[in-house]
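Here the structure comes first, spelled out in structure tokens, and everything after it is commentary.
Readers should treat all values here as calculations from the given coordinates under stated rules, not as data from a laboratory. As the structure is a prediction and not an experimental result, all values here were calculated from the model. As a convention, Cβ positions derive from the backbone with ideal geometry for all residues, glycine included, and neighbour counts pool all protein chains shown.
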Amino acid sequence: MSSGPGADSAPARNHDDDITTTPAASGTFSSLKVRNYRLFFSGAIVSNTGTWMARITQDWLVLSLTGSAAAVGITTALQFLPMLLFGLYGGVVADRYPKRRLLLASQGALGLLGLVLAGLTLSGHVQVWHVYLIAFLLGMVTVVDTPSRQSFVSEMVGPAQLRNAVSLNSANFQSARLVGPAVAGVLIASIGSGWSFLVNGLSFLAPLAALLLMRPEELHKVERAPRGKGQLREGLRYVAGRPELIWPIVLVGFIGTFGFNFPIWLTAFSDGVFHVGAGTYGFLNTLMAVGSLIGALLAARRGSSRLRMLVVTAMLFGGLEIAAAFSPYFWLFAVLLVPVGMLGLTVNVTANSSVQMATDPVMRGRVMSLYMMVFVGGTPLGAPLLGWVTDTFGARIGFATGGAVSLAAAAVIGLVLARVGGLKLRFEMRHGHPQVRFVPRERLATAA
């Protein structure tokens, strides 16, 4: 348990500019041995499935009410906008108050909003402005819910299991992504959209029950930030003064803004390049989800978060996007989506766990709110730009542009981190194969 703001702070750094964790129990599902986290994980399976059901149903409902794809985009933007505008304030709240109590309030509010939308839809009185308003209110709740939930993981499992738990959270979410849309499609087609919203609203009973059943005395205690002025600026100064925090967040911002616009690209490729139907479009999304799930499970097996691996994975992610963009055959394009999804998820998990492990517990809510604001908040900014590129120059150029920006950002940030860490590139032959490594400058000089 941490005893103050300095406890459980940035782990030891080595010459590879790695962030290493306390030795953890091995195994893909090792963090599930912690009772409180096991309850949290179980509740999240149910609510994540409901959330994916609601996402699909919400888009379908807006399209049905308006016949406009732009209206669907407005709904998405309204749900992301609060995080972009107020995300940092949510982090201040998460650092100031007990996170378990905050989550009880936020998860309850999310469930209530789902039930309100279900009631409006089932009664036949729903209008598009109702959906807009509820989408915005959902976004406002997630301003507090997201940093509280992200930083609460470390309180449940401690530093030794943090990376494993973050990876399993991602696997949980991606598993729900495979199940939720399919269930929503069946409900919409058979009994109507309102029942899908109702299931989503009720699904939040599971995380609420999990939070209530937890044993507070088994949580890893952290010092809460006292009330005071300047806490938002304090959080920004804290991140700005630490390269191991600022550069992973910057990299995630570039990739989230430019490299994760898959709804635009998969729609454009399905319709304008390969001329396949809506069913095949759903199949492509499923392949992405399968890749993401594989990436999450592989990440859960690793016991450390390395900035070097983050940079290399991000470069591979951008390179594979470019390769997929210019794939001449549909089957090759589809196959490449699996490793693209796997690498994209690995980038997110590695950055997330690296940033959390390098942050003092008392600052973790503010840091993670900045992380999520940059990662999620960039979507409303990048999507219109990449959408324009795709419409103007074609799907292949649009997809390749997103990959090229991701690749370039990873390369530049890798060089910055190497310079900050006193590293240089070294080329050598090993077992007959060329190898590129970052090594300390003094070691390189000695070898010369």
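Structure notes:
- Estimated inter-spin distance, residue 412 and residue 33, nm [label 7 Å along Cα→Cβ]: 4.4 nm
- Segment residue 65-residue 326, extension gain: residue separation times 0.36 nm, minus the distance between their alpha carbons: 90.3 nm
- Global form of the range 146-271, assessed from the alpha-carbon gyration tensor, a/c cut-off 1.5: oblate
- Shown is the FRET efficiency for residue 101 and residue 133, computed with R0 = 22 Å from the Cβ-Cβ distance and rounded to the nearest 0.05: 0.25.
- Shape category assigned to the range 344-391 from the gyration tensor of Cα positions, a/c cut at 1.5: oblate
- For 61, 138, the sequence from fewest to most other C-beta atoms within 10 Å is 138, 61.
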